[in-house]
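Below: one structure, written as structure tokens.
A short reminder: the numbers here are calculations on the coordinates, not readings from a lab. Computed from a prediction, not measured in an experiment: that's the story for all the values here. Cβ coordinates were reconstructed from backbone atoms using ideal geometry, including for glycine residues, and neighbour counts include every protein chain displayed.
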């Protein structure tokens, strides 16, 4: 006796987005001496915490959100305090 399987045409499609990013939020870090760095994560609070730490240490930070298809949109730029 053989097991019958449903034909392929009856199967449901894949419902997840094929454009998922592991870094929904990221920051670009620019140091005064010319060095640059990036940090990305799906947790917005974690990304903001890292941005605050780097800004307090004198770096300019750009906050970006993932828009899909490897496109990021800059939402905010944080400058270090000059006081």
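Hey, rough spin-label estimate for residue 53 and residue 70, points 7 angstrom out along Cα→Cβ, what's it come to in nanometres?
Computed distance between label sites residue 53 and residue 70 equals 2.9 nm.
Once label points are set 7 Å from the Cα along Cα→Cβ at both residue 79 and residue 23, what is their separation, rounded to one decimal in nm?
If labels sit at residue 79 and residue 23, their model points lie 2.5 nm apart.
Students often check this: by mean Cβ neighbours within 10 Å, which of 65-78, 43-56 ranks highest, and how do the rest follow?
By packing density, highest mean first, the sequence is 43-56, 65-78.
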